1. Work out, step by step, the length gained on full extension between residue 102 and residue 33: first 0.36 nm times the residue separation, then minus their alpha carbon distance; give nm to one decimal.
2. Could you calculate the FRET efficiency of residue 119 with residue 53 from 1/(1 + (r/R0)^6), where r is the beta carbon distance between them and R0 is 22 Å, rounded to 0.05?
3. Give, rounded to the nearest 20 debye, the magnitude of the charge dipole that the chain has about its Cα centre when Lys and Arg contribute +1 at Cβ and Asp and Glu contribute -1 at Cβ.
4. Give the lysines whose C-alpha is closer than 27 Å to that of residue 308, dropping any in the same chain fewer than 8 places away, or say none.
5. Report, in degrees rounded to the nearest 10, the 0 to 90 angle that the Cα long axis of helix 223-235 makes with the longest principal axis of the chain.
6. Contour minus end-to-end for residue 348 and residue 208, with contour as 0.36 nm per residue of separation and end-to-end as the Cα-Cα distance?
7. Looking at 212, 247, 283, which one has the Cα that reaches farthest to the positive end of the dipole of segment 157-340 (charges on Cβ: Lys, Arg +1; Asp, Glu -1)?
8. With a ≥ b ≥ c the root eigenvalues of the C-alpha gyration tensor of segment 44-148, is it rounded (a/c under 1.5), prolate (a/b larger than b/c) or oblate?
Amino acid sequence: MSAGAVHQVIPSLVRWDAIGNHSLQVQSILRDMGLESEIYVNDVGPEYAGRAHFFDRYRAQTGAWLMYQASTGSRLAAWFAQRPEPKLVNYHNVTPPRFFERWEPRLADEMVDGRHQIAKLAGVVRHGIAVSRYNEQELIDFGYRSTSTSPLLVDMSRFDIASDPTLAGWLDRQRQAGGTGILFHGRISPNKAQHDLVKTLVAYRRLYDPRARLHLTGGTSSGSYRYGLRRFVAAEGLWDGVDLAGPVSSEELAAYFRGTDVYVSLSEHEGFGAPLLEAMFNGLPIIAFASSAVPETVGDAALLLTDKTPGVVAAAIHRVVTDADLRASLVAAGKRRLAELDLSRTRAAMRAELTRVLEAGA
């Protein structure tokens, strides 16, 4: 192998971020291969202060390659493009700007820049590794001549913990009082379409279960979208039925996965969808809108919908929570799919891909 080092470049490294956790796994793989590997960032969270370096501290070394973890617009892309080292892109997808144009024009501009940056990198990188076939097709459309797919590296060990007892008790009391618990985990963001989940709750309460509850966990990508979502909840009189939990700890997230009845994703755009695997790990049946990379992520481990009209989704939820055989089959399929995407397997796939690319020099 000609390379002596592969250093990663990532715009930000922060806690609980799927791309950041993936990058740490890639670093571990590269070091296991006997290569030097550091992570260079524009921003770093305090919990990772000792595990990353600011990009302006990077110094060239003989035999080094660079790998860019691409998911958003960043000034690092231009810096990366100008570096003389052989280069790789690991593509997680940049959200199409149309989702943010109404809510966050500045972020929409950043996404326009990000997609232009990924396209420009096609002319200077040796190879693009995508975390889904959906993403790989985008790289091909951007003009990349050498591409492959290796799945996102998702470590489920964060759930080898007890649930937060206070939250678990609250969810258990709700369950005993009756009413279906519906969960979605992901940043409050227009492309995640939490507003469609609220519409679904309205329909589900009217048609099937007036005590159903919707739990939305995760941080916020758009303050204005979150504000609009809160106003929508209030206008529908749903304060007793929608839990906007915000960012949660691993213990709290475990409680939500274990204390609700069904996981529903109506997201319009996912480059992979790590929370879908987390739902599988915790034995929660999944209903999902068949958009972007969602179908290939879940395989046969979800009830996939091509229509997310509120009444259609509500009927799907009712079927899953009332049909014990269907529920059991979805949970079992989730365990099988999770085994296919087990970290040991996905790490081996990434290592094989990196070895192939580095040995070929292409």
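1. Here the answer is 20.2 nm.
2. The value I calculate is 0.20.
3. Value, rounded to 20: 260 debye.
4. 192, 199, 335
5. 10 degrees
6. The span from residue 348 to residue 208 would gain 45.8 nm if fully extended.
7. 212
8. Working: a/c = 1.88, a/b = 1.19, b/c = 1.58.
Oblate is the answer for segment 44-148, as a/c is 1.5 or above yet b/c matches or exceeds a/b.
Since every read-out is calculated from the coordinates, none of them should be taken as a lab result. Fair warning: this is a prediction, and the values are worked out from it, not measured in the lab. A quick note on method: Cβ atoms are made from the backbone with ideal geometry, for glycine too, and the neighbour counts reach across all protein chains shown.
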